[in-house]
Amino acid sequence: MVSAFKEPIFNTRPFLPPLDEFTRGLKLIWEHKWLTNDGPIVREYEQALADYFHTPDLCLFANGTLALQIGLQALEVSGEVITTPFTFVATAHSLFWNRVRPVFCDIEPDTLTLDPDRVEALITPWTSAILAVHVFGNPCRLSRLQEIAHRHKLHLIYDAAHAFGVKVEGRPLVDFGDLSMVSFHATKVYHSFEGGLLVFRDGALKKKLNYLKNFGFENEVEVMMPGTNAKMTEVHALMGLLMLRYADQIIDRRRAIDSAYRERLAGVSGLRFIAPRAGVRHNYAYMPVLIDETAFGLSRDEVYHALKAFNVYPRRYFYPLVCDHPCYKALQIADPLTVARRTADQVLCLPIYPDLALDDVHRVCDIILDIRENRAEWRRRVAVFGLEPDRPVGPQPNEGWEHVLDRP
Ligand code: T4K
């Protein structure tokens with residue numbers, strides 16, 4: 001029997017640059033006393049990203065959700081938008097905030113992204129755009145979606161929240177479509193604590209995006225449109241700027257972990273990984289594995305609960321499907337979403353992050369194999385103990401906070 005980890009193994013942990021690099025930058029911020037509102041570090045960061053992505057047509061935001069919301073608004077997307085239900089809720093929420101109706105379409109089994117073959121049947125006179133998601137950093141079927149969007153005169157928008165660093169035939173993935181949103185949230189491959197980026201085809205959009213993220217201000221006395229506040233702060237930009245130095249190293253490290261999982265669990269009946277695609281430089285943002293209950297002998301949920309008994313905390317991204325959450329349940333859905341439903345019931349994202357030791361990856365694999373070996377016992381145990389509601393893990397309020405706040 002493999003023993004449980006002493007410390008919890010989460011599905012992800014953020015990479016952090018050396019603290020002294022960050023505090024040196026903080027010192028500058030303290031000297032400038034310029035904290036937000038298009039400060040010097042935000043401007044330097046935007047330039048650095050323009051160099052990284054080889055395009056000046058990009059714009060920084062406080063987070064990915066606001067970036068996507070504002071991007072849709074800037075493109076004047078309206079009516080209905082065809083999108084995937086196998087995503088984080090923010091994809092659909094950004095449509096809701098634009099008073100646009102999400103039309104959920106099924107996904108492909110091999111990439112888990114929007115299935116172009118099912119999109120066309122859902123297009124109506126009210127459709128204004130396709131909003132596809134490069135889920136887990138896997139590129140959508142780019143040319144097929146582009147061809148459909150072009151033929152029907154629809155905007156093609158990519159939620160590329162997971163896709164930092166992914167390239168297709170050497171070209172950044174964010175270079176495809178009319179507009180792509182990348183999330184810089186702490187849980188992402190690359191982060192700025194919180195943050196978001198839009199990369200777009202039409203350079204003229206930049207002015208509008210800058211208005212929309214800063215209350216519509218042109219100058220001290222003129223407001224051009226009713227914008228919101230979605231600006232990135234100097235501290236966030238500092239983190240993002242430092243992280244750029246480590247981006248390639250982070251992806252290399254993740255590649256090693258991804259390979260270790262694939263090698264160790266190859267050929268295990270009932271487990272399927274998403275196959276890497278030729279011509280794609282992946283970023284290994286997530287480690288999704290699909291668990292077929294019949295072949296593996298345990299359901300995804302049983303494996304999920306059993307792993308928690310070993311102090312391993314994988315995540316069921318993206319279960320339930322967005323359309324099954326109470327706030328979207330009333331929407332009528334034409335597509336049976338067969339693949340999406342099966343995937344949501346089978347998917348489990350295993351731990352993957354740069355600081356995860358390869359020995360620990362092997363131990364997680366040993367645990368999975370051990371759970372499978374003893375599946376009858378785990379089925380019984382999970383049925384008895386495993387179905388209590390999920391408890392939050394990680395530091396809780398009051399744990400070590402006295403020290404931070406220096407309270408008596
Ligand atoms: N579109 C897509 C397709 C997305 O996946 C997302 C975000 C968005 C749009 C919106 O982008 P943002 O507005 O977030 O920029 C997380 C993230 O909060 C969210 O950004 C992400 N997708 C989603 C897939 O995952 P949770 O609720 O799973 O996060 P949480 O807090 O449970 O963290 C997961 C694990 O990460 C923890 O178990 C431990 C570790 N962790 C987390 C944080 C925040 C740390 O070690 N340190 C940390 O600071 O949503």
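The values are calculated or read from the model by the stated rules, or taken from the named source; none is laboratory data. Since the model is a prediction, treat every value here as computed from it, not as a measurement. Neighbour counts run over all protein chains shown; Cβ positions are idealised from the backbone, glycine included. Just so you know, the surface numbers come from the protein's heavy atoms only, side chains and all, with ligands and any DNA or RNA stripped out. Shrake-Rupley method; radii C 1.70, N 1.55, O 1.52, S 1.80 Å.
If you go through segment 70-84 and keep only what is assigned to a strand (DSSP E or B) and either under 22 Å from the mean Cα position of the chain (by Cα) or basic (Lys, Arg) (or both), you end up with 81, 82, 83.
Residues in segment 71-121 that are farther than 22 Å from residue 276 by Cα and of a type in the set (Ser, Thr, Tyr) were compared, and the one that is farthest from the ligand (Cβ to nearest atom) is 78. Whenever a residue of segment 50-70 is among the polar types (S, T, N, Q), its partners that are within 16 Å of the ligand (Cβ to nearest atom) and open to solvent by 40 Å² or more (accessible area, probe 1.4 Å), lying with C-beta atoms within less than 7 angstrom and at least six residues away or across chains, give the pairs 63/185; 63/194; 65/93; 69/97.
Say whether the condition of being assigned to a helix (DSSP H, G or I), open to solvent by 10 Å² or more (accessible area, probe 1.4 Å) and at pLDDT 95 or above is met by at least one residue in segment 97-112. No. Suppose the filter is surrounded by 20 or more Cβ atoms within 10 Å (Cβ to Cβ) and modelled with pLDDT of 95 or more; does residue 338 pass it? No. Does at least one position in segment 307-318 carry a residue that is part of a loop (DSSP other than H, G, I, E, B), polar (S, T, N, Q), out of contact with any Asp or Glu (no Cβ under 6 Å at 6 or more places or on another chain) and touching a residue at least 60 places away in the same chain (Cβ under 8 Å)? Yes, segment 307-318 has at least one match.
The residue that is nearest to the ligand (Cβ to nearest atom), counting only those in segment 1-36 that are closer than 25 Å to residue 228 by Cα and surrounded by fewer than 13 Cβ atoms within 10 Å (Cβ to Cβ), is 35.
Scanning segment 317-349 for residues that are more than 27 Å from residue 270 (Cβ to Cβ), out of contact with any strand residue (DSSP E or B) (no Cβ under 9 Å at 6 or more places or on another chain) and not basic (Lys, Arg) yields 325, 326, 327, 330, 332. Looking only at residues in segment 184-222 that are within 14 Å of the ligand (Cβ to nearest atom) and hydrophobic (A, V, I, L, M, F, W, C), the one that is farthest from residue 254 (Cα to Cα) is 198.
When segment 190-209 is filtered for residues that are open to solvent by 10 Å² or more (accessible area, probe 1.4 Å), out of contact with any Asp or Glu (no Cβ under 8 Å at 6 or more places or on another chain) and in contact (Cβ under 8 Å) with a residue 24 or more places away in the chain, the ones remaining, listed by number, are 193, 194, 208. Going through (1) in contact with an Asp or Glu (Cβ under 7 Å, 6 or more places away or on another chain); (2) surrounded by fewer than 18 Cβ atoms within 10 Å (Cβ to Cβ) one by one, residue 241 falls short only on (2).
Checked against the criteria, residue 352 counts as closer than 30 Å to residue 102 by Cβ and either part of a loop (DSSP other than H, G, I, E, B) or β-branched (Val, Ile, Thr) (or both). State whether one or more residues within segment 253-276 are assigned to a strand (DSSP E or B) and within 20 Å of residue 10 (Cα to Cα). Within segment 253-276, one or more residues are assigned to a strand (DSSP E or B) and within 20 Å of residue 10 (Cα to Cα). In the set (1) in contact (Cβ under 8 Å) with a residue 40 or more places away in the chain; (2) away from the ligand (no atom under 14 Å from the Cβ); (3) open to solvent by less than 50 Å² (accessible area, probe 1.4 Å), the condition left unmet by residue 167 is number (3).
The number of residues in segment 170-196 that are under 12 Å from residue 134 (Cβ atoms) and small (Gly, Ala, Ser) comes to 3.
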